[in-house]
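Below is one structure, written out as structure tokens; the observations come after it.
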Amino acid sequence: MAAGREEPLIVSLKSLNSDVVTDVTFVNKTRRKARAWWLDFRGDPVSYGDIGPDARLRMSTYLTHPWIFRDTDTGAKLLVNMKEIYFPEPNNVEDGCLVPHDVIITTPVYTLQDCCLMLIRKLVKQKDYRKLEIPQSLRKTLSFGPSLEKDLQQYNKEKALCTLY
């Protein structure tokens, strides 16, 4: 590495500790089933199951435990309190009792391309993608589909870049 330049810091989006418990209620405000993913201490996603449309999932978690939500059927990103990643907050206390936070799951505004790709994936069998008269780059994007693992790699790259500056 050139003189005066530091090695990039490898940072991972993951749970840090289980010191401070907090209660949350995940509220699915979408018309889709939402899959809850907790990122464990290595940064690996662990599924906590599906939350149906307009359904709730109440649970205990910890302040340093990140959560991500995806459409169960398509793998498309969902937002949590208007963000892609949810970090729990401390509970309020009323009459000596912890009051769980309502954490709202919503559908983001997808790009026109994302909407079209989701529709094609729904209507066309994967083996027939090559028959579509669309640019090769779209055919390639279509066959890979949404990927939680790729999204996590991208988040980690962005987080590493932020720590450098």
Listed residues Arg121, Arg58, Arg42, Arg70; which is assigned to a loop (DSSP other than H, G, I, E, B) and of a type in the set (Lys, Arg)?
Arg42
Would you check if Ile51 is open to solvent by less than 30 Å² (accessible area, probe 1.4 Å) and within 18 Å of Val109 (Cα to Cα)?
no
Complete set of residues in region 35-48 that are surrounded by fewer than 13 Cβ atoms within 10 Å (Cβ to Cβ) and either aliphatic (A, V, I, L, M) or under 27 Å from Glu94 (Cβ atoms) (or both):
Val46
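For region 129-153, which positions are open to solvent by less than 40 Å² (accessible area, probe 1.4 Å) and over 30 Å from Arg42 (Cβ atoms)? Let's see the steps before the verdict.
Filtering region 129-153 for residues open to solvent by less than 40 Å² (accessible area, probe 1.4 Å) gives 129, 142, 145, 147-148, 151-152.
Tyr129, Leu142, listed by residue number.
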Considering each residue of region 108-128, count those that are more than 24 Å from the chain's Cα centre (by Cα) and open to solvent by less than 60 Å² (accessible area, probe 1.4 Å), and give that number.
2
Please list, ordered by first then second residue, the pairs with beta carbon atoms under 8 Å, 6 or more apart or interchain, first in region 79-92 and more than 12 Å from Pro66 (Cβ to Cβ), second of a type in the set (D, E, K, R) and open to solvent by 60 Å² or more (accessible area, probe 1.4 Å).
none
Being among the basic types (Lys, Arg) and touching a residue at least 40 places away in the same chain (Cβ under 8 Å) is the filter; apply it to region 32-51 and report the residue that is farthest from Cys97 (Cα to Cα).
Arg32
Just name the residue that is modelled with the lowest pLDDT out of those in region 76-101 that are open to solvent by less than 60 Å² (accessible area, probe 1.4 Å), β-branched (Val, Ile, Thr) and not in a loop (DSSP other than H, G, I, E, B).
Val99
Among Arg70, Arg32, which is open to solvent by 50 Å² or more (accessible area, probe 1.4 Å) and under 18 Å from the mean Cα position of the chain (by Cα)?
Arg32
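The values are calculated or read from the model by the stated rules, or taken from the named source; none is laboratory data. Predicted model, so just to flag it, every value in this text is computed and none were measured. Cβ atoms come from the backbone with ideal geometry, glycine included; neighbour counts cover every protein chain shown. Heavy atoms of the whole protein, side chains included, go into the accessibility calculation; ligands, DNA and RNA do not. Shrake-Rupley method; radii C 1.70, N 1.55, O 1.52, S 1.80 Å.
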